[in-house]
Amino acid sequence: MSAVLIPEPPAPPGDRDDADPPPRPDDGPAAEAIRESGPRRARGRQGIFAFLAYFAVSFLLYGLPVLRNYATTFTGKGAGDSTIFLWMFAWWPHALSHGVSPVVSHAIFEPSGINLAWTSSIPGPAIIFWPITKAFGPLVSMNLATMLAPALAAWGAYLICRRVSTRFWPALMGGYLFGFSSYMTEQLTGHVNLFFIFPVPLAVYLVIRRIDGTLPVGRFVVGLGLLLVLQFSISTEVFATLTFFGGVALLGALIAAKEHRVQVAKTGVWIVAGFALAALVLFPMLTFVLKGAPARPIRPVIQGSSSVDAASFLVPRRSTFIGGDYFHKYTDHTLGSPAEQGAYLPIPLIGLLIAAALTLRKDRVTRWALVFAGVALVFSFGTYLHVNGHQLIPMPWTPFAHVPILVDALPSRFTMFAGLGIAVAATRWVDAAEQPWMRLGVAALAGVMLIPNIAGEDVHTPLRTPAFFASGSYRRYIPENHTILYIHADKGAEMLAQLQSHFWFRLAQGHTGPTPASFQGTPGYHAIDTADPSSLLAGTLATYIREHNVSTIIVEDPLARLWAPFIGPATNVTPIATGGVQVYQLGGTALPGTPPVSGPNRHHRHQRHHRHVRTHHGSVPAHA
């Protein structure tokens, strides 16, 4: 990020950590040096305190409300995409421990399976949290990740802000504005790949340390390489956009640095070395990425979708405690998906940024932080500007939307990068005052207005599955390693049912985000995916059952009467009512020539490790 590459901290005369009077922004060459404010040990204690403070806030918001039911209730949203990541937390440990490929999964989307390298598969978090998943189940792992994510993101931003400020409290507030931004609030409803973003600010921090010469080259290359590996294992989309915005920042720094241009250029070379190290470590995964590259874009970003509506910057969503409920009728019907509109900037924060632009216009760090944030915000509009739900004019992102590594990146998610620039600018503005407490109060007011609505109807939802899966009854009706078709009402419920069974069966469907190319246009799949059989022909369903090797059909009770006229003629089977579902047993055998979902000697391990944590309607098993 060019805004913080060559900081020149403004230093008020009072309340400083160091004894020597540091330079003001306009002190000339002396202002170019990056100064350590206070002894290293004191700054280390401050860093620990900052993380603990952020974690305490995160715990109060996301952990405390579900503490008594931590293993049975989502801290975020418990439906839709949340089930993808819950399944992934279970799948990676399961596949690795049972000797099956964790990348090309045949547990879902039978018969072709799916290359998870092109999905939100989060192998890094799934493997890191493996011991937690094994002991307590995947929901505890996901909840812990949800609670840690804002604290880690805020702490990473704090390290940057502390580097460019002379005092602790402005940097602490800057980190909070990033880690608890509206972007994080929206993504914390269930997108693990998009809220586990702490490698981004940490990578920027390492770049700053390398440019100022306080981090040796070897440590920088290794540290950056490992952070890039971690980010790739969390989200390939964020990895791609980090690469792009990092390049934009580096280019801006080369243009603006003048006398420091050589330092920046040398750092750029070592950044490339860090990427090369990451590529070497990631080589096995990259082969799957290249092998499974889709022939066309996964998402229609070029057509102008998935962009920020300009009104989103001013109007809080329902997920925001202050003002969210008041404006929800407008936001829900006008501004699109909440998870893709995390752009809200409270009025005090907007005023703060305007004041920073006016009063610190000669301060290079503030100026470039605001420029970087502005570029990211403009790009977040996507290929067309949308205001109040209306498409207006083409925007600068249009040519970049055709770049291969960016073609599937959603512009609405670029507000995360803007948030980093905003945090730095806010820190500099607060730190520049001789008596910063009034300015700190303005920033704190902005932080209060960002507090999420933890009483919302779509957060802290209990885990629910039919008793058929939760009680283990499925083993009496579904032979091990056979394929089922599960008709359900809730998006992603089939993934939850499968992980609940310890991957006892395969699925003739799945939910991993965008539909795999092999299933796009498959007759009957849309009806199954939407649980709407109105356009389905009996012959189409019979063909789907045959081609996808289905031996059992499970229909949730509320959908039984709707689907019976279609399944009956296609199968000539009378269903069995049990555990909240209707079971159609079609017969069949385990598939020959394909790897088992669970590896050899599965039954013995299943009986030994089948441990459950009870819920209202079922359980989530701990995974061995």
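The values are calculated or read from the model by the stated rules, or taken from the named source; none is laboratory data. All of these numbers come straight from a predicted model, not from anything done at the bench. Ideal geometry is used to build each Cβ from the backbone, glycine not excepted, and the neighbour counts take in all protein chains shown. Ligands, DNA and RNA are excluded from the accessible area calculation, which covers all protein heavy atoms including side chains. Shrake-Rupley method; radii C 1.70, N 1.55, O 1.52, S 1.80 Å.
Points to keep in mind about this one:
- Accessible surface for segment 345-436, divided over its residues, is 38 Å² per residue with a 1.4 Å probe.
- Set of lysines with alpha-carbon distance to residue 266 below 22 Å, sequence-local pairs under 8 removed: 258
- Local electrostatic count, residue 582, Cβ distance below 14 Å [Lys/Arg +1, Asp/Glu -1]: -1
- With all protein chains modelled, accessible area of residue 98 [1.4 Å, Å²]: 20 Å²
- Probe 1.4 Å, accessible area per residue of segment 105-219, Å²: 23 Å²
- Here the accessible area is traced with a 1.4 Å probe on the protein chains. For segment 166-278, carbon and sulfur cover 74 percent of it.
- Heavy-atom accessible area with a 1.4 Å probe sorts 119, 427, largest first, into 119, 427.
- Carbon and sulfur %, accessible surface of segment 498-588 computed with the full protein complex present, 1.4 Å: 53 percent
- Charge tally in the Cβ shell below 10 Å around residue 356, where Lys, Arg are +1 and Asp, Glu are -1, residue 356 excluded: +3
- The listed residues 269, 403 rank as 269, 403 when sorted by accessible area, largest first, using a 1.4 Å probe.
- Mean Cβ neighbour count within 10 Å, used as a protection proxy, ranking 120-126, 192-198, 45-51 highest first: 192-198, 120-126, 45-51
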